[in-house]
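J.: One structure, as structure tokens, below. Some questions next.
Read the figures in this text as sums done on the coordinates, not as results from a lab. Here the structure is a predicted model, which means the values were calculated and not measured. Methodologically, a virtual Cβ is constructed for each residue, glycine included, from the backbone with ideal geometry; neighbour enumeration extends over all protein chains shown.
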Amino acid sequence: MLMAGSAIGAEWILSRVFEQFSAQLGQFRTEKHRTAFLVSKIREFSSTKLEGGVSTTPVEGEPSAGGQLAARFSTLKEPSKSALALFYLGLFPVAELASLLNLEIEELGGVLRTGREQLAATALKTGEEPAK
């Protein structure tokens, strides 16, 4: 949801990724490699404009705070968006995360800082309390 901006957008991305790549998942020896492959494909789909009129704004039924956060998060530029999402999810150690994003560890730190600053700035614009 963080990458797409809404539950509907996230569902659309996941369905397209699994539809196109599920046959390839058995080719990976480890869960970690499958996860890295899926993450890369999710990043590819979320960085392109969502098709079919899929909304990237929060919809009725989504928690307003979570929906608003996801909508703000989805406006971040790459690689900040992917770096923050993957960092917060804790799927990969920092060194692997940097490698997955084709960044040096020092660069990853700067990308994470930039993303957090952008999130805080958008929170202030909307009158929300920035995350600490």
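J.: May I ask you to evaluate 6.51 cos²θ - 1.76 cosθ + 1.60, the Karplus curve with θ = phi - 60°, for each residue of the stretch 30-45 and list the ³J(HN,Hα) values in order in whole Hz, giving x for glycine and proline?
T.: With coefficients 6.51, -1.76 and 1.60, one gets 10, 4, 4, 5, 4, 4, 4, 4, 4, 4, 5, 6, 4, 4, 4, 5 Hz.
J.: Then there is this: To make sure I understand, if each residue's beta carbon is the centre and we count other beta carbons within 10 Å, what order do 38, 89 fall in, fewest to most?
T.: Ascending Cβ contact count within 10 Å gives the list 89, 38.
J.: Work out from phi, with θ = phi - 60° and the Karplus expression 6.51 cos²θ - 1.76 cosθ + 1.60, the ³J(HN,Hα) of each residue of the stretch 7-17, listed in order in whole Hz, and give x for Gly and Pro.
T.: 5, 5, x, 5, 4, 4, 4, 4, 5, 5, 5
J.: So how far apart, in nm, are the two label points at residue 75 and residue 32 if each is 7 Å from Cα heading toward Cβ?
T.: Roughly 3.7 nm, to one decimal.
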